[in-house]
Every structure is written in C-alpha cells, then in structure tokens.
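This report concerns only the one structure given below.
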Amino acid sequence: SGGACCRMERTFIAIKPDGVQRGLISEIVSRFERKGYKLVAIKLVVPSKQFAEKHYHDLKERPFFNGLCDFLSSGPVLAMVWEGEGVIKYGRKLIGATDPSKSEPGTIRGDLAVVVGRNIIHGSDGPETAKDEIALWFQPKELVSYTSNEEKWIY
Ligand code: RTP
C-alpha cells in the first residue's frame, strides 16, 4: 500500500569467487528475489587486483587487505544492483554477520559459509557506500529501470 515511488533505494551486492565456484548463484539470487527486491543490474566479471583494491579501499590498513584483494580478483564475481524499500540495511540482514561462524542460521552466510575469508557475498554497508560501489562496478546505462507487475502486491 502507499505506492512504491519515494522510498526506493539501491544497493550493490556481489557474489564473491567462492560463491560462484560453489554454484551458489541461483540460491543467493533467489533469496533477494523472493524477498521482493528488484534486480536492476547483473553481470559476471573477473575484477583485476587493482579494481579489487579500489573496491576495498576502506580496508587498506587491515592485515588481510592484500589477501582479500587477491581473493576477490581470483575468479568470476557476480556483481548486482538490487532495488527496494530498505534494501541496503535489510540486504545486510539477509547476508548475515561478516564472520560466518557468528552469522545466524537463516542468513546467507549462516547457511552457506564457514569462515570469514570465504564468506561468499558482499553487500554495501550504507547509502554512501552503495552509491560509490554501484558507480564503481556499473555504468549508468547498465542499470535497468522497469516496472515489475509484482510491485503492486509488495508495496
Ligand atoms: P563485506 O563488505 O564483504 O560485505 O563484508 P563486511 O562489510 O561484513 O566486512 P568488512 O569488515 O568490511 O570486511 C570485508 C571483507 O573482508 C574479509 N575479511 N577477512 N580477519 C579476516 O581475515 C577478515 N576480516 C574480514 C571478509 O571477506 C569481509 O567480507
């Protein structure tokens, strides 16, 4: 109810190389889809190390930064943009805590991953990061605007 016009937001979600290699793409995409969020961009890419460093620039002082960037650039990553009311914060909830040994069952990491260095998925942690990450991974023309028939039943 109330229409879907004004509170829509977008977040950047990526399935990391471990999630892609383990065949978890459809499982993860379906969790966002079934929740009621709308997919507005998707592509499979192998990021360069330099690109991975850009994506994780906030973490460059951390001891795991180099290994993390090596890992992200080690194979195909499924980059996506999802749209919906509250999708930035709730998307993180669907994903679960950073360390899968602490993620709740029912979350993506809780159900599908074991250790922090192989936690299969990334999600933007706030509106500013979402904006920056979408701009880093996608060109504006890759974001598709469309109306889904389900929206009137979700909002
Ligand atoms: P993400 O950005 O990937 O969704 O993860 P996050 O915000 O929940 O966690 P953040 O602290 O930003 O860490 C980013 C990614 O770095 C890896 N990591 N490794 N101790 C470690 O070895 C360690 N800690 C973090 C994880 O892949 C984490 O998702």
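The values are calculated or read from the model by the stated rules, or taken from the named source; none is laboratory data. Just so it is clear, the structure is predicted and the values come from calculations on it, not from any experiment. Cβ: placed from backbone, ideal geometry, glycine included. Neighbour counts: every protein chain shown. Accessible surface areas use protein heavy atoms only, side chains included; no ligands, DNA or RNA. Shrake-Rupley method; radii C 1.70, N 1.55, O 1.52, S 1.80 Å.
For the stretch 116-125, take each phi angle, set θ = phi - 60°, evaluate the Karplus expression 6.51 cos²θ - 1.76 cosθ + 1.60, and give the result in whole Hz per residue in order, putting x for glycine and proline.
5, x, 9, 9, 6, 8, 10, x, 4, 9
Sorting check: for 27-38, 73-84, 143-154, 112-123, which peptide has the highest mean count of neighbouring beta carbons within 10 Å, and how do the rest follow?
With the highest mean Cβ count within 10 Å placed first, the list reads 73-84, 112-123, 27-38, 143-154.
Any chance you could list P(r) for the chain, counting all Cα-Cα pairs in 5 angstrom bins from zero, rounded to whole %?
2, 9, 18, 22, 22, 14, 7, 3, 1, 0
May I ask you to evaluate 6.51 cos²θ - 1.76 cosθ + 1.60, the Karplus curve with θ = phi - 60°, for each residue of the stretch 61-68 and list the ³J(HN,Hα) values in order in whole Hz, giving x for glycine and proline?
My calculation for the stretch 61-68 gives 8, 7, x, 8, 4, 5, x, 5 Hz in order.
Grab the DSSP H runs of the chain that are 4 residues or longer, score each as -39,500 (n - 2.57), total them, divide by all residues and round the 222 nm result to the nearest 500 deg cm²/dmol.
Helices in the chain give a 222 nm mean residue ellipticity of -10000 deg cm²/dmol.
Tell me, what HN-Hα J-couplings in whole Hz come from the Karplus equation 6.51 cos²θ - 1.76 cosθ + 1.60 at θ = phi - 60° for each residue of the stretch 140-151, using x for Gly and Pro?
Karplus-based 3J(HN,Hα) across the stretch 140-151 equals x, 6, 7, 8, 9, 8, 7, 9, 9, 5, 6, 4 Hz.
For labels at ILE25 and ILE154 in the simple 7 Å Cα→Cβ model, what's the distance in nm?
2.1 nm
Leaving out ligands, DNA and RNA, and with a 1.4 Å probe, what % of the accessible surface on the chain is carbon or sulfur?
53 percent
Run the numbers for LEU44 and TYR146: contour at 0.36 nm per residue of separation, minus the present Cα-Cα distance, in nm.
34.6 nm
Suppose a student asked you for the relative contact order of the chain, using Cα pairs under 8 Å spaced at least 6 residues apart; what percent would you report?
Relative contact order here is 35 percent.
For the chain, what is the accessible area per residue in Å², given a 1.4 Å probe and the full set of protein chains?
For the chain, the solvent-accessible area averages 57 Å² per residue.
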